[in-house]
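Asks: Quick one: structure below, then a few questions.
The values are calculated or read from the model by the stated rules, or taken from the named source; none is laboratory data. From a predicted model like this one, the values you see are computed outputs, not experimental measurements. Note: ideal-geometry Cβ built from the backbone for every residue, glycine included; neighbour counts use all protein chains shown.
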């Protein structure tokens, strides 16, 4: 299934700090003290789907703010038109059972979250402002991937990826989707699925929506705490470790189109592979492995992991195709 979620205005850059989507606003003390057994959902394929594609919609609202910094962020996000365009395209391609509001607002902290009670997505101006500030922290290892990135593109692209991640949480809730892993990982995969399926064949790297996930993974990996300093609750968080999430995201984007992404994602492997192809007698098998290991530091993901990525992406893509067609599309379609 191909998604056409991105016009030219939507092709933005991204540098994502992993401190997003932590939780809904804090609960009362009494709520925290109640521990009850989970109730399994009745997974009835298509039972929650709306009657028609596009009948119900994602709606977007930009709440006013008195904070001058956040007002600038609000105007930047709102005037881009990207968020309304993406939400309109998604609304046309799945059968929501109800309207789903997406609200940009001042929250008091840098966050974004899906509310299982209200069925709304909240995007905080503080988080977008953090993305804007983090622009200056991009390092040289990733710089060749996105020389076109500026403050505006990084901020809009970062916020867009988080929005798709939170909408993934919403899809799991609204359609009772069956998942067999961490929900945080699953909705990362959903966001990447939407981005990679918005790519056009033979599209230049700088124009591919899927490149947003490369920069998201960069943000994940560069801000990880040193493991020896990580507190216990960090290991027990519902999210996978940030470096793991970043590696997984890189792997899936690379796996979606190895030809397009080999040079920026695994340049060391690409260099050795090209040399071996042009000089078939240059390496014995052990020497080839040694050469690949020597150049592995140039790769954004280890070359041995990269070999598994195309098949991993194919499996995830087939799974999301099945979920959308079975749980999120009316039987008449």
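Asks: Being in contact (Cβ under 8 Å) with a residue 40 or more places away in the chain and either more than 18 Å from residue 156 (Cα to Cα) or not in a helix (DSSP H, G or I) (or both) is the filter here, so list the residues in the stretch 64-89 that pass it.
Replies: Correct list: 65, 67, 81.
Asks: Let me ask something else about it. Limited to the stretch 169-186, what total is found for residues that are farther than 18 Å from residue 117 by Cβ and within 14 Å of the chain's Cα centre (by Cα)?
Replies: 3
Asks: Mind telling me which of the residues 50, 54, 81 ends up being over 22 Å from the mean Cα position of the chain (by Cα) and at positive phi?
Replies: 54
Asks: Report, by residue number, each residue of the stretch 149-193 that is closer than 15 Å to residue 94 by Cβ and assigned to a loop (DSSP other than H, G, I, E, B).
Replies: Those that are closer than 15 Å to residue 94 by Cβ and assigned to a loop (DSSP other than H, G, I, E, B): 175, 176, 177.
Asks: Please find, within the stretch 259-293, the residue that is modelled with the lowest pLDDT out of those that are crowded, with 16+ Cβ neighbours inside 10 Å and within 30 Å of residue 165 (Cα to Cα).
Replies: Result: 264.
Asks: For the stretch 194-205, which residues satisfy the criterion of being assigned to a helix (DSSP H, G or I) and buried (at least 18 other Cβ atoms within 10 Å of the Cβ)? Step through it out loud before you land on a result.
Replies: First pass over the stretch 194-205, keeping only residues assigned to a helix (DSSP H, G or I): 194-196, 205.
Hits for the stretch 194-205 are 194, 195, 196.
Asks: What helices (runs of 4 or more DSSP H), lying completely within the stretch 258-333, carry at least 3 residues that are closer than 30 Å to residue 177 by Cα and more than 19 Å from the chain's Cα centre (by Cα)?
Replies: Fully inside the stretch 258-333 and qualifying: 309-327.
Asks: Quick one: is residue 49 in a loop (DSSP other than H, G, I, E, B) and without any contact (Cβ under 8 Å) to a residue 24 or more places away in the chain?
Replies: no
Asks: Just one of the numbered conditions (1) surrounded by fewer than 19 Cβ atoms within 10 Å (Cβ to Cβ); (2) modelled with pLDDT of 90 or more; (3) within 23 Å of residue 313 (Cβ to Cβ) is not true of residue 256; which one?
Replies: Single failed check for residue 256: (1).
Asks: So, of the residues in the stretch 300-333 that are free of Cβ contacts under 8 Å to residues at least 24 places away in the same chain and within 18 Å of residue 268 (Cα to Cα), which turns out to be surrounded by the most Cβ atoms within 10 Å (Cβ to Cβ)?
Replies: Filtering the stretch 300-333 for residues that are free of Cβ contacts under 8 Å to residues at least 24 places away in the same chain and within 18 Å of residue 268 (Cα to Cα), the one surrounded by the most Cβ atoms within 10 Å (Cβ to Cβ) comes out as 302.
Asks: Continuing with this model, one more query. Quick one: which of 63, 110 is over 24 Å from residue 198 (Cα atoms), crowded, with 17+ Cβ neighbours inside 10 Å and either at pLDDT below 95 or touching a strand residue (DSSP E or B) at 6+ places or on another chain (Cβ under 8 Å) (or both)?
Replies: Only one candidate passes the filter, namely 110.
Asks: Hey, residue 239 hits all of (1) touching a residue at least 40 places away in the same chain (Cβ under 8 Å); (2) loosely packed, with under 15 Cβ neighbours inside 10 Å but one; which does it fall short on?
Replies: For residue 239, the exception is condition (2).
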